[in-house]
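The values are calculated or read from the model by the stated rules, or taken from the named source; none is laboratory data. Bear in mind that the values here come from a model prediction, so they are computed numbers and not experimental data. FYI the Cβ positions are ideal-geometry reconstructions off the backbone, even for glycines, and counts take in every protein chain you see.
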Amino acid sequence: MKLPAATPVRELFRRHPGNPILSPEEWPYPANAVFNPAAAALDNETVLLARVEDLRGISHLTVARSANGVDGWSVDPEPLLAPTPGIASEKWGFEDPRVVWVDELERWAITCTSYGPAGPAVYLAFTDDFKTVERYGIIRRPDDKNAALLPHRFDGRWLLLHRPKTDFGGGRGEIFISRSADLSEWSTPEQVLQPRTGAWWDSLRIGIGPPPLLTEHGWLLVYHGVKETIAGGIYRAGLALLDRDDPTRVLRRLLSWILAPLAPYERTGDVPNVVFPCGLVHDEATGELRLYYGAADTSICLATAQLDDLLDAVLAAPLEG
């Protein structure tokens, strides 16, 4: 039976049959969980910068490398970015990284959450090779998280997607953009994308997933959305399209989610019912997108899609504004 044309596809991404592709048991040192990895393509390898929660509950960031981005992972024996003793803002660890290549700086920019007694803050670091790291420091103070730098300047200023805790939007947990000429001083956050009101899948709060991907139609943004239920929150992933010249302007937003916690490894873990993407790699030769995500705050998983399929879906979505 052929489905009506208006019937939505349940999910646009397909899970890799080998999921989870990385788990604590495969780590070279004791870990409680490995999840929410940033991703990059470098020197014919896929590099993941994974959040690793140790047996104290404190997180740091460690690199894993694979020739095909699927299996055969080599995990570094030491973290790339770990808390510095005596630094209060790093006391409780580094979490949920995103990475983007910045041509002007000729380096990868790492944005992550630095967590201390004052709350979560946006932290910036740089690397050439994911073997050494240059710490820049906190660029957005608590409470702020879920950040990614866009890869080039707009009218002379850098743009940062992030989620500050603010009263601007009623404290609903939404996506903002701030601007900076020097990566240190940032402008007042500007609203980009808000949670939907009511019973929607992304009605409680939202935040970016991986750094958005620039396409001919605009910036393709995978984001996470949370719905509160009687059994707790459910984290799913959705899709939006931002204007390429003014990323504060949302062009279209898919109504349905593109990935939800359906598999057992996504439903059961330290935090059940969570898919949390932070890494995206685009194979320009094949058009394939590889989405790396944390499952149930416990393991790292992979899902794939064709870029054209995602663009077709989001371009058919209702116009925003």
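The table below lists the values:
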| quantity | calculated |
| --- | --- |
| Tally of residues being under 18 Å from the mean Cα position of the chain (by Cα) and under 18 Å from Tyr29 (Cβ atoms) across region 61-76 | 4 |
| Residue, modelled with the highest pLDDT, within region 151-168, restricted to residues that are surrounded by 17 or more Cβ atoms within 10 Å (Cβ to Cβ) and over 22 Å from Gly218 (Cα atoms) | Pro164 |
| Unmet requirement for Pro142, which otherwise passes all of (1) free of Cβ contacts under 8 Å to residues at least 24 places away in the same chain; (2) part of a loop (DSSP other than H, G, I, E, B) | (1) |
| Condition met for Val9 (modelled with pLDDT under 95, aliphatic (A, V, I, L, M) and out of contact with any strand residue (DSSP E or B) (no Cβ under 6 Å at 6 or more places or on another chain)) | yes |
| Complete set of residues in region 30-45 that are surrounded by 14 or more Cβ atoms within 10 Å (Cβ to Cβ) and part of a loop (DSSP other than H, G, I, E, B) | Ala31, Asn32 |
| Any hit, region 215-235, residues being in contact with a His (Cβ under 9 Å, 6 or more places away or on another chain) and under 18 Å from Lys145 (Cα atoms) | yes |
| Qualifying positions in region 295-321 - within 17 Å of His224 (Cβ to Cβ) and either part of a loop (DSSP other than H, G, I, E, B) or out of contact with any Pro (no Cβ under 7 Å at 6 or more places or on another chain) (or both) | Ala296, Asp297, Thr298, Leu302, Ala303, Ala305, Leu310, Val314 |
| Residue satisfying condition, being assigned to a strand (DSSP E or B) and either free of Cβ contacts under 8 Å to residues at least 60 places away in the same chain or of a type outside the set (A, V, I, L, M) (or both), within set Pro247, Pro277, Pro272 | Pro277 |
| Leu214 closer than 23 Å to Gln191 by Cβ and in contact with a helix residue (DSSP H, G or I) (Cβ under 6 Å, 6 or more places away or on another chain) | no |
| Matching residues, region 124-138, being assigned to a loop (DSSP other than H, G, I, E, B) and either surrounded by 15 or more Cβ atoms within 10 Å (Cβ to Cβ) or not basic (Lys, Arg) (or both) | Asp128, Asp129, Phe130, Thr132, Val133 |
| Positions within region 145-158 being without any contact (Cβ under 8 Å) to a residue 40 or more places away in the chain and in a loop (DSSP other than H, G, I, E, B), in sequence order | Asp155, Gly156 |
| Count of region 280-294 residues which are closer than 20 Å to Trp101 by Cβ and not in a loop (DSSP other than H, G, I, E, B) | 9 |
| Residue among Pro97, Pro83, Pro77 that is closer than 22 Å to Leu161 by Cβ and not small (Gly, Ala, Ser) | Pro97 |
| Count - residues of region 7-29 that are of a type outside the set (Asp, Glu) and not in a loop (DSSP other than H, G, I, E, B) | 4 |
| Candidates Pro97, Pro79 - the one that is under 25 Å from Glu26 (Cα atoms), out of contact with any Phe, Trp or Tyr (no Cβ under 8 Å at 6 or more places or on another chain) and crowded, with 23+ Cβ neighbours inside 10 Å | Pro97 |
| Which listed residue is in a strand (DSSP E or B) and closer than 27 Å to Asp245 by Cα, from Ala64, Ala109, Ala50, Ala121 | Ala109 |
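Condition check ((1) surrounded by fewer than 20 Cβ atoms within 10 Å (Cβ to Cβ); (2) not in a loop (DSSP other than H, G, I, E, B)) across all residues:
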residue	(1), (2)
Asp202	no, no
Pro211	no, no
Leu221	no, yes
Gly225	no, yes
Gly233	yes, yes
Trp257	no, no
Pro261	no, no
